[in-house]
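The next block holds one structure in the form of structure tokens; read it before the comments.
Please treat every number below as a calculation from the coordinates, not as lab data. Bear in mind the structure is a predicted one, so any value in this text is a computation, not a measurement. As a convention, Cβ positions derive from the backbone with ideal geometry for all residues, glycine included, and neighbour counts pool all protein chains shown.
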Amino acid sequence: MWLTKLKKALILEDFEHLSTLLDEMPQFDTIDKMEEAAYLLMQSKICLEKNKVHTAQILNQLKSTLDFLKSTQTEPPSSLNLKF
């Protein structure tokens with residue numbers, strides 16, 4: 001059952017559910033189940049690392065966009081510049 005949930009979370013890239021499943025990993029009774037779990041955990045790690053890199057790229061793009069937008073704005077008038 002746990003392996004099925006892990007497969008589903010991995011396929012759907014549901015990282016929150018993956019984290020929850022890792023916290024409640026059961027003891028496996030056969031070598032085959034242990035090997036399958038190890039393989040799925042390696043695949044989960046690869047998927048998480050790809051997501052981490054992708055997120056970092058998006059954050060860098062957002063930072064670049066914000067820097068560009070800030071550089072194109074005119075200086076706001078001083079708060080001491082009062083007009084009567």
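One table, with the values for the structure above:
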{"read-out": "Residues (assigned to a loop (DSSP other than H, G, I, E, B) and among the aromatic types (Phe, Trp, Tyr)) located in the stretch 1-39", "value": "28"}
{"read-out": "Selection count where residues are among the hydrophobic types (A, V, I, L, M, F, W, C), farther than 20 Å from residue 51 by Cβ and in contact with a helix residue (DSSP H, G or I) (Cβ under 6 Å, 6 or more places away or on another chain), scope the stretch 4-36", "value": "1"}
{"read-out": "Near pairs, Cβ below 6 angstrom, 6+ apart or cross-chain, from the stretch 50-61 (touching a residue at least 60 places away in the same chain (Cβ under 8 Å) and on the phi > 0 side of the Ramachandran plot) to any residue that is in a helix (DSSP H, G or I) and acidic (Asp, Glu)", "value": "none"}
